[in-house]
Every structure is written in structure tokens, then in C-alpha cells.
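Below is one structure; the comments refer to it alone.
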Amino acid sequence: MRKNDLQDANPMTNRLSAMKPGVLARGMHCIVPAWFLCGCGGVQSVLDPRGPQAGAIASIAWVMFLGAAAVLLLVTALALYAFYGPRSRERRSNDNAWILAGGIALPVLTLSALLAYGVHSMASMREAAPSDERIEIIAHRWWWEVQYFDENGLVAVTANEVRIPVATPVAVDLRSRDVIHSFWVPNLAGKMDAIPGRTNRLILHASAPGLFRGQCAEYCGAQHARMGLHVIAQTPAAHAEWLASQREPARMPSDEIAVRGQRLFGNHCAACHTVRGNGAAQRSGPDLTHLASRRFIAGGTLENNRANLLNFITESQSLKAGSGMPSFAHLEQDALHAIVQYLGGLQ
Ligand code: HEC
Ligand SMILES: [Cu+2]
């Protein structure tokens, strides 16, 4: 496993590993204060909600945390009083009253209040979404297939990148092709499992435009850690424009090298990939029709640029060992360049 690849794509790992090991170890010895964790805010953090669903979850977390802290303080104060308080027999109060009040009434009241609050907040998370537009996400080991539907059916297919219009609740139906995965974009919503043979619905709702990282949250095999994704929330106008361009078939290659790349792609790659309009229509790997319009490849772990594309095609089995993408190190350099030239043109 090459450490640097992960660090490049995940600023959180970057920040953690940038700290000296001693600092991290010392941090673990004391109880890590909540604000220390907030320091990791922003990228993939539940403490930095960017939509109503994630906001409700963050509020529940804070209320539970403060409630638990208040109970801890009360119990600690009582324990200190018992140890160090006045000892005279006369001041001893009625033991049974203490047990009834502190052991039964108090927990029943506080826990019921927290439960009622939690159930109420959960209900507010089940927002209704417009039914004619939805997204279907199919989890694969170890990448995410993303299908966009409108009222007439399937519109476009992408991978590892989910685009949604801002300020609109979007229904996401989750399925799995192989084992149980879990879809989690902490800044926007809670976790939802993707289970083979089942469809689970989740609502994604971002209140402002942005790029939000997500991660498979259920251990699903060797490359589970490299099964990331990004959600891009954009203005409704930009979203409509983007969707219209994704709807189109792939661009035909214009220069000679890319034409050669297309032919090589047909020989070596079309058995697993779709490039709509160019003949390739297999689905065991990501749809590459508009590959060049995506920000990341390989489960959100590598930025999408020519160097990384070339690297991934030749070394996929060392970058993402065990994945369904074979390494193509045996191809000639100019053949690889032609393929990358072709892929780079798939806007
Ligand atoms: C045996 C099936 C198979 C063949 C053949 C294959 N691929 Fe793949 N490819 C995959 C799978 C599966 C993935 C997803 C890997 C992952 O991220 O876990 C993938 C991922 C990719 C990606 C990254 C896409 C993304 O959005 O993350 C690119 C680019 C790619 N393949 C290009 C190629 C090229 C070019 C060839 C031919 C030289 C090729 N593939 C041949 C199965 C295949
Ligand atoms: Cu997974």
C-alpha cells in the first residue's frame, strides 16, 4: 500500500499524519476534548453540517453530549459530597429517597426526554423529495456507480461523483452489486447501508454549493478505505446544464492519436467499460462516457489528470490491489499515451 496516494486525496489523513507521532500519542492519553476534534472540521466532518439532515444529526449529537455531561457533573458532585461532605449521623438523609429519586426518577426523566427529542429529530430528517428526479447509487467493490433518472427513465451514468442541485432534497436509492457497503457523506446526511437485494432510500440536501467528501462506512474488503466519493452541490441552473451534457453520447475523438486510442480502448478495455456512442457497453467497470468531466477517479482517491490516469491504467493493481481493474503495464508507452489522449477528450 502506498501511503502517499491516500494522503493526496484525503486532507484529513494529511493533517493527522502531519502531526508528530508524539503529539498524537499524548493527545490520546488525556480525554480528547471535543474542540480538538472540531479542528478536523470541514472535510468529511459530522461537526460541520451543510444541510438540514446533517444539521439535525449534529444537534442530536450536541444535545446528547451536553445532557451526558450534565449528568456526569451531577453524579461527580454527589460523589464528592459523599466522600468529603459533613459526616454527622443526624445529617444522613433517607437512603431510599435517594435511590428512588436519583436511581429511578432522574434517569427515567432525562432518558425519556432525550429519546423523545431524538425521535422527533429523526422524523424531521425524512423530508419528502420530488419524485420525478432521483439518483440510484449502486455500490461495487470498490467504487460507486451513479445513475440519474428523470420522469422518463435513465438519463446519465457516472461514477464516484454525485451531483445534486443546491437547496433541493434529492432522493437517493442505494443498492449493492456484491456485499454490504454503507454510503456516508458526513457533511450532508447520516449513514445508509447498501445491501444486496434491497433498496434503501436516503435524502441528500445541501443548503449551499460545495464539494463534500464521502466514504464507504461498512468494511467491505481489501480496498474499503479507497472506496470514497464526492458530492458536488451546484446551483439548479448549473446542475441542469451539467445533466444535459452528461445525457449526450461521448465525443468522437478528433486527432489522430486519440483515434488510435479509441481503437486500442475497443481492444483492451471495452470488455468492462461503457463509452456511450463509441461502441463500448459493458458495465463491470465505471461508465467512462464523460470521464474527463469528473474531478476524481478510482473511488475518489486520485485526482483526475493525465498523469494519474496513466498511472492508474498501468498500475491499478498496486494502487488499488485486488480491484476489478487489471494493470496494463504490458502495453507500449505510445499505446498508453494514445489511450490517455482519448480518455482525456471524453468531456
Ligand atoms: C476486467 C475489467 C476491466 C478492464 C478490462 C478494464 N477495466 Fe478499467 N476499471 C475496471 C474496474 C472494476 C474499475 C473500478 C476500479 C476501482 O476504482 O475500484 C475500473 C476503473 C477504471 C478507471 C477509473 C474510472 C473512475 O471513474 O474511477 C479508468 C480511467 C479505467 N478503468 C480505464 C481503463 C482502461 C483505459 C482500460 C483498458 C486499457 C481498462 N480500464 C480496462 C474494470 C476494468
Ligand atoms: Cu464498501
*Sorting 184, 242, 62 on the 10 Å Cβ count, fewest up front, what's the list?*
62, 242, 184
_For residue 176, residues with placed amide H under 5 Å, excluding near neighbours_ = 139, 195, 197, 198
*Given +1 on the Cβ of Lys and Arg, -1 on the Cβ of Asp and Glu, and no further charges, what dipole in debye does segment 256-344 carry about its Cα centre, rounded to the nearest 20?*
280
_Could you tell me what a quarter of the Cα convex hull surface of segment 80-181 works out to, in nm² with one decimal place?_
12.7
*Using 0.36 nm per residue of separation minus the Cα-Cα distance, give me the extension gain between residue 59 and residue 123 in nm, one decimal.*
21.7 nm
_I need 47, 115 ordered by Cβ neighbour count within 10 Å, fewest first._
115, 47
*asked:* Can you sort 148, 342, 81 from fewest to most other Cβ atoms within 10 Å of each residue's own Cβ?
replied: 81, 148, 342
*asked:* If every alpha-carbon in the chain counts as one equal scatterer, what log10 I(q)/I(0) does Debye give at q = 0.11, 0.12, 0.14 1/Å?
replied: -0.82, -0.94, -1.19
*What helices does the chain hold that run 20 Å or longer along their axis, going by alpha-carbon atoms, with a Kyte-Doolittle average of 0.0 or more, using DSSP H for the helix calls?*
52-84, 106-125
*At q = 0.11, 0.22 Å⁻¹, what log₁₀ I(q)/I(0) does a Debye calculation on the Cα points of segment 134-247 give, no solvent, two decimals?*
-0.32, -1.25
*asked:* Ranking request for peptides 261-273, 206-218, 116-128: highest mean number of other beta-carbon atoms within 10 Å first, then the rest in descending order.
replied: 206-218, 261-273, 116-128
*Would you mind checking which residues have amide H under 5 Å from residue 229's amide H? H placed 1.01 Å from N; only 5 or more apart, or other chain.*
214, 215
*Treat every Asp and Glu Cβ in segment 237-288 as -1 and every Lys and Arg Cβ as +1, leave all other atoms uncharged, and give the resulting dipole magnitude about the Cα centre to the nearest 20 debye.*
180
*Farthest positive-ward along segment 217-347 dipole, Cα basis, beta-carbon charges - from 324, 243, 223*: 243
*In whole Å, what is the distance between the alpha-carbon centres of segment 284-306 and segment 185-203?*
22
*Decide, for segment 256-344, between rounded, prolate and oblate: order the square roots of the alpha carbon gyration tensor eigenvalues as a ≥ b ≥ c, take rounded if a/c falls under 1.5, and otherwise choose prolate if a/b is larger than b/c, else oblate.*
rounded
*If you average the sequence gap of Cα pairs under 8 Å that are 6 or more apart and divide by the length of the chain, what percent do you get for the contact order?*
16
*Quick one: grab the alpha carbon gyration tensor of segment 173-332, order the square roots of its eigenvalues as a ≥ b ≥ c, and give me rounded if a/c is under 1.5, else prolate or oblate depending on whether a/b is larger than b/c.*
oblate
*For labels at residue 317 and residue 254 in the simple 7 Å Cα→Cβ model, what's the distance in nm?*
3.8
*Once you've got the GNM for the chain with C-alpha springs shorter than 10 Å, pick whichever of 291, 80, 106 has the biggest mean-square fluctuation.*
80
*How many percent of all Cα-Cα pairs in segment 237-295 sit more than 17 Å apart?*
42
*Considering every Cα-Cα pair within segment 52-125, what fraction, in whole percent, is farther apart than 20 Å?*
48
*From the residues 56, 298, 337, which one has its Cα farthest along the dipole of the chain in the positive direction, the dipole being from +1 and -1 charges on Cβ of Lys/Arg and Asp/Glu about the Cα centre?*
56
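Each value in this text was obtained by applying a stated rule to the coordinates, not by laboratory testing. Just so you know, these numbers come straight off a predicted model, no measurement behind them. Glycine gets a Cβ as well: all are built from the backbone with ideal geometry, and neighbour counts include every protein chain shown.
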